[in-house]
1. Return the residue satisfying two criteria in turn: it lies in the range A:199-225 and is part of a loop (DSSP other than H, G, I, E, B) and within 14 Å of chain B (Cβ to nearest Cβ), and of such residues it is modelled with the highest pLDDT.
2. Find all pairs meeting these conditions: Cβ atoms under 9 angstrom apart; at least six residues apart or on different chains; first residue within the range B:188-201 and under 20 Å from residue B:112 (Cα atoms); second residue of a type in the set (Phe, Trp, Tyr) and in a helix (DSSP H, G or I).
3. Name the single residue, out of those in the range B:64-86 being surrounded by fewer than 16 Cβ atoms within 10 Å (Cβ to Cβ) and closer than 23 Å to residue B:224 by Cα, that is farthest from the other protein chains (Cβ to nearest Cβ).
4. Restricted to the range A:301-321, and to residues that are aliphatic (A, V, I, L, M), surrounded by 18 or more Cβ atoms within 10 Å (Cβ to Cβ) and closer than 18 Å to residue A:272 by Cα, which residue is farthest from the chain's Cα centre (by Cα)?
5. Which ones in the range B:254-295 are more than 11 Å from chain A (Cβ to nearest Cβ) and more than 20 Å from the chain's Cα centre (by Cα)?
6. I'm trying to understand the selection: among the residues of the range A:51-83, which are modelled with pLDDT of 90 or more, more than 7 Å from chain B (Cβ to nearest Cβ) and under 24 Å from residue A:181 (Cβ atoms)?
7. Answer yes if at least one residue in the range A:110-118 is in contact with a helix residue (DSSP H, G or I) (Cβ under 8 Å, 6 or more places away or on another chain), part of a loop (DSSP other than H, G, I, E, B), closer than 28 Å to residue A:282 by Cβ and in contact (Cβ under 8 Å) with a residue 40 or more places away in the chain, and no otherwise.
8. With the condition kept exactly as written, say whether any residue in the range B:280-296 is of a type outside the set (Lys, Arg) and assigned to a loop (DSSP other than H, G, I, E, B).
Amino acid sequence: MKTKRFAASAAFALAGSLALTACGGQQADSGSAGSSGGDAALSGSIASDGSSTVGPLTSAAAELFMTENSGVNITVGTSGTGGGFKKFCEGQTQVSNASRPIKDEEKAACDAKGIEYQEIVVANDALTVVANKENAFLECLTTEELATLWGPDATGKVTKWNQVNPKFPAEDIKLYGPGTDSGTFDYFTDEINGEEGASRTDYEPSEDDNVIVQGVAGDQNALGYFGYTYFEENESTLKAIKIDSGDGCVAPSADTARDGSYTPLARPLFIYVDKKAFASNPALKAFISFYIENDAKVAEAAKYVSLSEDQKKTAQEELASLG
Amino acid sequence: MSAVTADQAMPRTPLARAAYGEKDLRSMGFLVVLWLCLAFGILVLAVLLVTTFLDGRERMDGELFTNYTSQIAPETAGARAAILGTAWVILTTALLAIPIGVAAASYLEEFASTRSRFARFVELNVQNLAAVPAIIYGMLAAAAAVAVGIPRNTVIAGGIALALLILPVVIVATREALRAVPQEIRQASLALGATPMQTLARQTLPAAVPGIATGTILALSRAMGEAAPLLLLGGLVFVKFDPNGFLSGFTTMPIQIFDWAARSQVEFQQLAAAASILLLVLVILLNGVAIIIRNKYATAR
């Protein structure tokens, strides 16, 4: 009886000491390298955090890079664009993923900590407005119609489709969209309603885009918006609405997003790179160069739209300005 | 007596038997409502389990255990980093929560006077802390990590957050276990000349181990499924190396599942379902261990 009890307490102690002996610290942002080329001698770690939209892109780049440079550890977190900048400006990450440009107050936070950075556009996304595949009347919407539908004044008032356009039937409107923490929400409200964060509030918000897919797929009169990849994966149940910003209806696609004709909902995706870390960490330098040079492969793996010729040139210049 | 015989003469449907002879319409109706509530709960759970299993069955393979997550090849991606990360974080949690929790409970139960204001203040706080939302502990751990100067998304920070989360549960379970130890054991020990500390370390605590172990394991299995505080700390979603220390970056299974489930590709959703099943099995196993410990000591006594 007594020995049993001691065995149990001994087991606890043993588990503890085992874990302690296994302890070996490793800092997250140190880097060292034998040669600055793309050789296997590269080692070190790179931390990145930020937008969950850009996360898969940086993950894909990291994965491709690490197959060639197995000594480098790259981690990606998805705290959101704002959360990512917060860590970036505290010096906890060296690469920040963003689905919108840095805001003034975030700049100030970086300045206060002496963090210098370079913004690089790494891919394009087309914010896609989707309706149910069975919907007969929604083919093309003008930006004014979208503003009528999504504007803050529409809350509780615009509830039937014929209020958006008299040609539409008097069916109930059911709306799905990203939650207010999302960079997608920020971008859409800025472009369509003219002010970031200004949106009607009586829609079904979700941080999980798959919920928006389910919602729109289940209701003939529903409408929602999200990144192009979610539409691509669900083309069998959803249809993309063409957008008319004054020059006729344009459907979202890789080409229209790249050449800029899908306006105003085509958006660039950014990474922000810590200049000091870039200079001192050869692994980071190699990784960012790899990211830009292999842009097409990276974008394909993450199912985004790769850079156009001009964008790629700009990205290479931005890379060169990092030193 | 006549009422009883009338009762016995009634046709005995299972419903009537289960209701212990209550036969008026209102109590029957209430019983049916209760059964429907139970059925609803079980049905929802069954649907959830079955659909998760169907979604994830194709990915319940070896690669789930051996491979890291992958953006390029989601069809062969796995949860290796998440499984090991969960193990590391839960071990850290146990190392922090068990000694502190057991010590605090021993003080409150064995040494502190019930009259002392300090003890009552601590007791009230322990009870209140048990009801604090998990994410608050994440914020606290994040603040602590920043104050000490370690990166937030490290195993140790995650362990601190989860340890704070389960500490009240560990303290309450330990106090219950200590209270169940017969007073005579302490008295005998003291009468034989042992100091109060020796009594606690050699008699009372060992006698309370089964209760402490059961409560602690259940608390740890709760911590295992927790994502919110770790997400707040910036738990990573893309890790392609094994965690190798308390200051190593990490991901855990709930975080990885959360990330996969929100992806657009079907492969990731299958992975999320498969990993959910794995997590469920691990939690059931842990709870099973707790039950075995409890039963073993119950019969031994």
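The values are calculated or read from the model by the stated rules, or taken from the named source; none is laboratory data. Note that the structure is a prediction, hence the values are computed from the model and not measured. Cβ sites come from the backbone with ideal geometry, for glycine too, and all protein chains shown count toward neighbours.
1. Step one: of the range A:199-225, the residues part of a loop (DSSP other than H, G, I, E, B) are A:199-203, A:207-208, A:218-221.
Those left that are additionally within 14 Å of chain B (Cβ to nearest Cβ): A:207-208.
On the way: A:207: 82, A:208: 85.
Ranking the candidates gives A:208 first.
2. Within 9 Å, the pairs are B:196/B:111; B:200/B:111.
3. Initial filter on the range B:64-86 (surrounded by fewer than 16 Cβ atoms within 10 Å (Cβ to Cβ)): B:65-66, B:73, B:75-76.
The next check asks that each one be closer than 23 Å to residue B:224 by Cα; those that pass are B:65-66.
Details: B:65: 19, B:66: 16 Å.
Only one residue fits best here, namely B:65.
4. We begin by selecting, within the range A:301-321, every residue aliphatic (A, V, I, L, M); these are A:301-302, A:305, A:307, A:315, A:319-320.
The next check asks that each one be surrounded by 18 or more Cβ atoms within 10 Å (Cβ to Cβ); those that pass are A:301-302, A:305, A:307, A:315, A:319.
Still in the list and also closer than 18 Å to residue A:272 by Cα: A:307, A:315, A:319.
Details: A:307: 15, A:315: 18, A:319: 21 Å.
Ranking the qualifying residues of the range A:301-321, first place goes to A:319.
5. B:270, B:271, B:273, B:274
6. Listed by number, the residues that qualify are A:54, A:57, A:58.
7. Looking for residues that are in contact with a helix residue (DSSP H, G or I) (Cβ under 8 Å, 6 or more places away or on another chain), part of a loop (DSSP other than H, G, I, E, B), closer than 28 Å to residue A:282 by Cβ and in contact (Cβ under 8 Å) with a residue 40 or more places away in the chain, one finds at least one in the range A:110-118, hence yes.
8. From the range B:280-296, those of a type outside the set (Lys, Arg) are B:280-293, B:295; that's our starting set.
In the following step, the residues that additionally are assigned to a loop (DSSP other than H, G, I, E, B) were identified as none.
Checking the range B:280-296: not a single residue is of a type outside the set (Lys, Arg) and assigned to a loop (DSSP other than H, G, I, E, B).
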